Amino acid sequence: MQARSALFDLYGDHLRPRGGRAAVAALVRLLAPLGIAAPAVRTAVSRMVRQGWLHPLRLPTGPGYGITPKAARRLDAAGARIYRTPKGDPTWNGRFDLITLDPPQHRGARARLVANLGFLGYGAIDASTWIAPRPGEGVDALLTEAEVRFDRFSAAHVAGGGSLVSRAWDLDEIGAAYEQFVARLAPLVSAVGPGTDDERAYAARFTLVHAWRAFLFRDPQLPPELLPQRWPGTAAAAFFDRHAGRLRPAADRYVDQCLHS
């Protein structure tokens with residue numbers, strides 16, 4: 001688990017509901033149970049400040065960092081997808097959001113754009129053409145900030161073999177990843193019972209959420225009409241919800257203890 005990625009999880013899952021700020025010492029304490037050392041935490045924080053995700057501030061408990069408005073938007077969007085918070089009409093209207101763009105020439109910029117579009121639920125037909133089952137929140141701002149020329153269309157499939165989804169996403173690979181997620185995490189979370197101390201419960205839940213969050217970049221959360229029968233993601237979501245909810249009280253107690261130590 002990389003420190004920067006863990007900090008995103010920490011701020012999004014625990015600190016955002018508590019004001020989105022924490023002292024450096026508390027950040028170090030909260031990532032220690034995950035095997036992340038203090039120097040790695042401080043390096044990751046500095047990097048996130050440079051990238052505009054965090055800003056330094058002074059807290060009663062010492063120097064700390066709070067999330068920026070940019071980070072708040074990203075964390076709120078991620079949280080809604082992690083916990084599948086209903087938003088608007090869940091019924092799919094049968095139309096895809098289609099983007100054509102001129103890919104950035106610089107490899108690093110291309111990689112960032114690919115990752116960001118994937119996070120918003122878009123899949124690539126080719127390097128210049130992307131689709132999603134619904135418009136990604138903030139996608140226009142993302143493409144403008146990336147300084148790429150683009151056009152967006154609302155498109156409906158009217159004829160043909162229906163291979164558009166399979167060209168944009170490897171559903172077999174995503175489904176297998178869901179099955180592996182359950183198989184890998186089940187022993188960890190099932191070992192946490194009523195007598196387990198709060199720190200261990202917190203670490204187990206953090207690992208669960210961290211692994212689940214990776215699907216935000218892989219699974220576009222297609223509507224049921226576009227998914228195969230007995231989709232593994234459905235059982236994986238039920239597994240995640242059950243254990244994330246069960247371990248939440250102990251994790252919250254540990255977070256509060258670290259923040260006020």
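For the reader, a short list of remarks on this structure follows.
- Centre-to-centre, using Cα atoms only, the stretch 65-79 and the stretch 139-198 are separated by 20 Å.
- The relative contact order of the chain, computed from alpha carbon pairs under 8 Å that lie at least 6 residues apart in sequence, is 21 percent.
- Sequence of HIS55, HIS106, HIS14 from largest to smallest accessible area, 1.4 Å probe: HIS106, HIS55, HIS14
- Listed residue (GLY121, ALA155, ALA168) projecting farthest to the positive dipole end of the stretch 110-207, Cβ model: ALA155
- Whole-Hz Karplus values for the stretch 131-137 come out as 10, 8, x, 7, x, x, 5 Hz, taken residue by residue from phi with 6.51 cos²θ - 1.76 cosθ + 1.60 and θ = phi - 60°; glycine and proline positions read x.
- Folded to 0 to 90 degrees: helix 198-213 orientation relative to the chain principal axis, Cα: 20
- Using only alpha carbons, the stretch 163-261 has a radius of gyration to Kirkwood radius ratio (Rg to Rh) of 1.08.
- Whole-percent pair-distance distribution, where bins are 5 Å wide, for the alpha carbons of the stretch 111-191: 3, 11, 19, 20, 14, 12, 10, 6, 3, 1, 0
- Computed over protein heavy atoms with a 1.4 angstrom probe, the accessible surface ordering of GLU145, GLU173, GLU225, largest first, is GLU145, GLU225, GLU173.
- Amide hydrogen proximity for LEU59: with H placed 1.01 Å from N in the peptide plane, the residues at 5 or more positions away or on another chain lying under 5 Å are GLY64.
- Förster radius 41 Å - calculated FRET efficiency between HIS55 and SER190, Cβ distance, rounded to 0.05: 0.55
- Each residue of the stretch 17-30 was assigned a 3J(HN,Hα) from its phi angle through the Karplus expression (A = 6.51, B = -1.76, C = 1.60, θ = phi - 60°), giving x, 9, x, x, 8, 6, 6, 4, 4, 5, 4, 4, 4, 6 Hz with x at Gly and Pro.
- Rg in Å to one decimal, and Dmax rounded to a whole Å, for the chain via C-alpha atoms: 19.8, 63
- Backbone N under 20 Å from the ARG253 label point (7 Å along Cα→Cβ), restricted to the stretch 1-45: 14-15, 18, 29-34
The values are calculated or read from the model by the stated rules, or taken from the named source; none is laboratory data. Since the model is a prediction, treat every value here as computed from it, not as a measurement. Every residue, glycine among them, receives a Cβ derived from its backbone with ideal geometry; neighbour counts consider all protein chains shown. Protein only, heavy atoms only, side chains kept; ligands, DNA and RNA dropped before computing areas. Shrake-Rupley method; radii C 1.70, N 1.55, O 1.52, S 1.80 Å.
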